[in-house]
1. For the stretch 135-167, name all the residues that are modelled with pLDDT of 80 or more and farther than 21 Å from Thr116 by Cβ.
2. Somewhere in the stretch 489-504, is a residue among the charged types (D, E, K, R), open to solvent by 40 Å² or more (accessible area, probe 1.4 Å) and at pLDDT below 90?
3. Among Leu289, Leu269, Leu253, which is the only one that is out of contact with any strand residue (DSSP E or B) (no Cβ under 6 Å at 6 or more places or on another chain), closer than 26 Å to Glu355 by Cβ and in a strand (DSSP E or B)?
4. Would you check which residues across the stretch 516-556 are among the β-branched types (Val, Ile, Thr) and within 13 Å of ligand 2 (Cβ to nearest atom) and list them?
5. Could you look through the stretch 505-515, keep only residues that are in a helix (DSSP H, G or I) and either out of contact with any helix residue (DSSP H, G or I) (no Cβ under 6 Å at 6 or more places or on another chain) or modelled with pLDDT under 90 (or both), and pick out the one that is nearest to ligand 2 (Cβ to nearest atom)?
6. Can you name every residue in the stretch 205-229 that is aliphatic (A, V, I, L, M) and within 19 Å of Gly240 (Cα to Cα)?
7. List, please: which pairs have Cβ atoms under 9 Å, are six or more places apart or on different chains, and start with a residue in the stretch 393-421 that is over 11 Å from Asp438 (Cα atoms) and of a type in the set (Lys, Arg) and end with one that is open to solvent by less than 30 Å² (accessible area, probe 1.4 Å) and in a helix (DSSP H, G or I)?
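The values are calculated or read from the model by the stated rules, or taken from the named source; none is laboratory data. Note that this is a predicted model, so its numbers are computed, not measured. When we count neighbours, we look across all protein chains shown, and the Cβ atoms used for this are built from the backbone with ideal geometry, even at glycine. What goes into the accessible areas is simple: the full protein's heavy atoms, side chains included, and nothing from ligands, DNA or RNA. Shrake-Rupley method; radii C 1.70, N 1.55, O 1.52, S 1.80 Å.
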Amino acid sequence: MSDNKNKRPRLFPPKTSGGKTSGADKSPKTGFSLSWVYLIIIGALAYMLYTGQDASGGINKEVSLTEFQRYVMNGYTNRVVANTSENTISLIVKPDSIRAVFGMGTDRTGKEPTITANYANSESVEALVAAARSAKQPVSLTYKKGNGMLWNLLMSLLPIVVLVALWMFVLRRMGGGVGGGIMGVGKSRAKLFEKGSDNTGITFKDVAGQEGAKQEVKEIVDFLKNPQKYTALGGKIPKGALLVGPPGTGKTLLAKAVAGEADVPFFSLAGSDFVEMFVGVGASRVRDLFKQAKAKAPSIIFIDEIDAIGRARGSRIATGANDERESTLNQLLTEMDGFDTNSGVIIMAATNRVEVLDKALLRAGRFDRQIHVDLPDMKERRDIFGVHLKPIKLGGDIDIDFLARQTPGFSGADIANVCNEAALIAARHNHSAVIKQDFLDAVDRIVGGLEKKSKVMTTEEKHAIAIHEAGHASVSWLTRYGNPLVKVTIVPRGQSLGAAWYLPEERSITLREQMLDELCSLLAGRAAEELFTGHISTGALSDIERATKLAFSMVAYYGMSDALPNLCYYTNEEYAFSKPYGDSTAAKIDEEVQRIISEQYERAKRILLDNSKGHAELASLLEEREVVFTEDVERIFGKRHQGIEH
Ligand code: ADP
Ligand code: ZN
C-alpha cells in the first residue's frame with residue numbers, strides 16, 4: 001500500500017523494455033482503420049466495371065459481325081442500336097433469350113444484356129437488318145450518335161464522384177458546430193477563455209487545500225508574468241507541466257486558476273478532442289492549436305486527459321484510432337520541441353495515469369514538471385467544504401469538521417457534489433435551511449453511486465489500511481537505515497490505498513544493510529496486517545512487487561547473497577531470449593530471493609511485536625487523523641537511529 005514517491009529504487013538496473021518506445025513502434029498493428037473501408041468499396045466498384053456490368057442494366061459481350069448476324073437471325077433480339085461515331089452495333093437480348101445466349105440467369109447478366117460488334121460501313125448494318133426482316137425476324141434499328149469514349153469515361157468516374165461526395169458529407173457531419181464543415185475539421189476545438197469573459201474569474205482562492213500543487217503552479221504564473229526575471233539569468237522557462245492525480249481533485253480548476261491569476265488567454269480542450277477517425281485530423285488540430293496560442297502569447301494551453309493521445313506508442317491496443325493517435329502524439333511532440341522556450345506559451349496537461357504516458361512526453365523540454373494533485377486529507381476536505389458551503393444557506397447544526405470526517409476518500413468534485421445534493425434534498429423536504437441530516441443523506445447517496453468507481457472505504461478497510469501504513473512507518477523509523485519519514489496518510493491515492501512519503505537519503509552507493517532495511521520496511525505493511533488484524537490482503541501488492549524486484553536485484557545483479565556471492569547476471573540486451581545462467585543457478589537465485597524475503601518478513605514481524613504498543617498508537621492516530629507527520633512518529637518512538645541493530 002505504500003507508494004512513496006520520493007523513494008525511487010536507484011538500485012535496479014535500468015529497465016530494458018520500458019524506456020524504449022521507438023523499438024516497439026515496429027510491432028504489428030492490429031488496428032482497423034477506416035481507410036480500409038474506402039479501399040474495399042473502390043475495389044468492389046472497379047471489379048464491377050471490369051466485369052462489364054454497367055449502370056444501364058446488363059453485361060455486354062463483344063463478338064464478330066458474322067456472329068452478331070447469327071444472333072439476330074436466331075431471333076434473340078428485337079432491338080438493334082447502331083452507334084455511328086464508334087462504328088459499333090449492339091443488340092439488346094430479349095429477356096426470354098438471355099439464358100440461351102449467355103447460359104446464365106438475369107441475376108448475373110442484368111436485365112438488359114447486350115451484344116456488340118464493330119462494323120466497317122453503314123451499308124452492312126442496313127443489309128443485316130433487311131436480311132433479318134425478310135427472314136421474319138423483325139428488329140427495330142435506331143441510330144445513336146456520340147457518347148462513346150467520353151460517356152464511358154464519365155461512367156467510370158461516377159462512382160468516384162459519388163464516393164467523394166459521400167466522404168465530404170460525413171466529414172461535414174463530424175466537423176460539426178459553428179465554423180465546422182469540411183474546412184473546420186483540422187481546426188483545433190479548444191475553448192478559449194480570455195480576459196473579460198466570465199469564465200476566468202477563478203483564482204487560487206477558489207482552490208482549497210492542495211498547498212503543494214498550488215505552490216508549484218504559482219511559479220508558473222510567475223514565469224508568465226515576469227519572464228525576464230528568469231531569462232535574464234540565462235534560465236529557460238519550462239514548456240510544460242503535467243498535473244497528475246485522480247479525477248475530480250481540481251486539476252482543471254488549478255489550470256484555470258493559473259490562467260486567471262496570470263491574466264492570460266487560456267486554451268482548454270480534452271485529449272479526446274484530437275482523436276478522430278479521419279487520418280491527419282488530430283495532427284492538424286494540434287498544429288492549429290499551437291498557432292493560435294502563439295498568436296496570443298503569453299498564453300496557456302490546457303489539455304485535459306492527455307492520456308487519450310499520450311499513451312505509449314506501439315502499445316498494441318486494437319482501436320481504430322490507433323495510428324491516428326500516434327500521429328497526433330508525434331505532432332504534439334514536434335510542436336513542443338519546435339517552439340521557442342521563451343515564446344510565452346506554457347502547456348499544462350492533466351492525467352490520472354502517468355504510467356501509461358509515452359516516455360517521450362515526459363522528457364526534458366516537454367512536460368518536464370510533474371505536479372501531484374492528490375485526494376484531500378481531512379483538513380483539506382474541511383477547506384474544500386468551506387469553499388462549497390459558502391453559497392448554501394446552512395442550518396445551525398452544521399459542523400464542518402464533522403462533514404470532513406464523514407467523507408474519507410472523497411475528491412473535491414465529490415464534495416462539491418455533496419454540497420449541491422444536500423441543498424437539493426433540503427429543498428425537496430421543504431427545509432428552510434440545509435441541515436446536518438440533509439448532508440448525511442447526500443453523502444450516503446454519493447457513496448452509493450461511487451462505491452464501484454472510486455476508492456471510498458468502509459470503516460474496517462480504513463482500520464486495516466491504518467494498521468498497514470503504521471507498519472511501514474514504524475519499521476522504517478526503527479531500522480538503522482530506513483528512510484526518514486515525511487508523512488503517512490491513509491487517504492487512497494492512485495492505484496494504492498494509503499501512502500507514505502519518505503525522504504530518501506542522498507547517496508550514490510547503497511550498502512547491503514540499507515537494502516535489507518528497505519526490504520524490511522516494504523514488507524512491514526503486510527506483516528502488520530498479519531499480526532494485528534489476523535488477515536493479509538491484496539493491499540500489499542505493490543509492496544511485495546517492489547520487494548521481490550529489490551531482492552532479485554540483490555541476488556542476481558549485485559552479487560550480495562551467500563549462495564551466489566560476487567556474481568552479476570545482468571544483461572543489457574534488449575531482447576534477451578536466453579538467460580546468462582544455467583538452470584541450477586536459476587534455482588539458486590530463486591531460493592536466495594525467497595530466503596532474503598522471508599528473513600526480512602520475519603524480521604519486520606519481530607520489530608513490530610517488540611514495538612506493538614507504539615505501532616498501535618500510530619495506527620489509531622492515523623485512523624483518527626488520516627495523516628501523520630514526522631513529529632508524531634518521533635513523539636511515539638523517540639528520536640531515530642538508536643533503534644534495533646542487526
Ligand atoms: P479534475 O480536472 O481533477 O478532474 P476538476 O478541476 O474538474 O477536477 O474539479 C471538478 C470540480 O470539483 C471543480 O469544479 C470544483 O468545484 C471541485 N473541486 C475539486 N477540487 C477542488 C478544490 N481543491 N477546491 C475546491 N473545489 C474543488
Ligand atoms: Zn504498503
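1. The answer is Leu157, Pro159, Ile160, Val161, Val162, Leu163, Val164, Ala165, Leu166, Trp167.
2. Let us first name the residues in the stretch 489-504 that are among the charged types (D, E, K, R), namely 493.
Restricting the remaining residues to those that are open to solvent by 40 Å² or more (accessible area, probe 1.4 Å) gives none.
Taking every residue of the stretch 489-504 in turn, none turns out to be among the charged types (D, E, K, R), open to solvent by 40 Å² or more (accessible area, probe 1.4 Å) and at pLDDT below 90.
3. Result of the check over Leu289, Leu269, Leu253: Leu269.
4. Ile536, Thr538, Ile544
5. Applying the first criterion (in a helix (DSSP H, G or I)) to the stretch 505-515 yields 512-515.
Remaining after also requiring either out of contact with any helix residue (DSSP H, G or I) (no Cβ under 6 Å at 6 or more places or on another chain) or modelled with pLDDT under 90 (or both): 512-514.
Details: Arg512: 23, Glu513: 22, Gln514: 19 Å.
Out of the qualifying residues, it is Gln514.
6. Ala213, Val217, Ile220, Val221, Leu224
7. Within 9 Å, the pairs are Lys393/Ala426; Arg405/Arg381.
Here's the yes/no breakdown for (1) within 14 Å of ligand 1 (Cβ to nearest atom); (2) open to solvent by less than 10 Å² (accessible area, probe 1.4 Å):
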residue: Ala364; (1), (2): no, no
residue: Val373; (1), (2): yes, yes
residue: Gly412; (1), (2): yes, no
residue: Ala416; (1), (2): yes, no
